[in-house]
Amino acid sequence: MKHHNQGRNASSTIRLLATALAGLFFAAASQAAWISSHGPITGNDISLPDSFNAHFPEKKFEVFVYSNVNQIGDVAICTSIVGVELRGKEQFPGKRYTYTGMHSNPQSNPLTIGQMRDLALYCVNGSIKNMLSDDPDKVYEPNK
């Protein structure tokens, strides 16, 4: 597929480019937490609020993110697990926030890699929303 600028002058193209670059900068700036990801979703895909990052400094804690998508027939199911663990432990956190989602595909066509990744991100965002809705003082529990 070809893309081209129809009727767009150079200054509007530069403004669009500057806006896109500013968006990338602010998205990267908001990811202060150390992210340990397992699955198709990476730390670059996740944004956490500054208040969370201040409560769980990256030098001591990491946000554990597990995501997976399975397709069975015309249904794709995503699962994610998110939690806070001491940095470097590389294990499932003591307290976990989970989310499961489903996508129905009536044509029974396999989802593309991009669609599977989008579905995984949907679940990870659900887990993060669950985690952020909890009292920050109760989010981290040592793994027993």
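Return the residues of region 117-144 that are of a type outside the set (Lys, Arg), outside any loop (DSSP other than H, G, I, E, B) and open to solvent by 50 Å² or more (accessible area, probe 1.4 Å); say none if nothing qualifies.
Matches in region 117-144: Asp118, Tyr122, Asn125, Asn130, Leu132, Pro136, Asp137.
Counting only residues that are open to solvent by 50 Å² or more (accessible area, probe 1.4 Å) and touching a residue at least 40 places away in the same chain (Cβ under 8 Å), how many does region 59-79 have?
3
The values are calculated or read from the model by the stated rules, or taken from the named source; none is laboratory data. If you're wondering where the values come from, they're calculated on a predicted model, not measured in any experiment. Note that each Cβ is placed from the backbone with ideal geometry, even for glycine, and that neighbours are counted across all protein chains shown. Areas reflect the complete protein model, heavy atoms only, side chains present, ligands, DNA and RNA absent. Shrake-Rupley method; radii C 1.70, N 1.55, O 1.52, S 1.80 Å.
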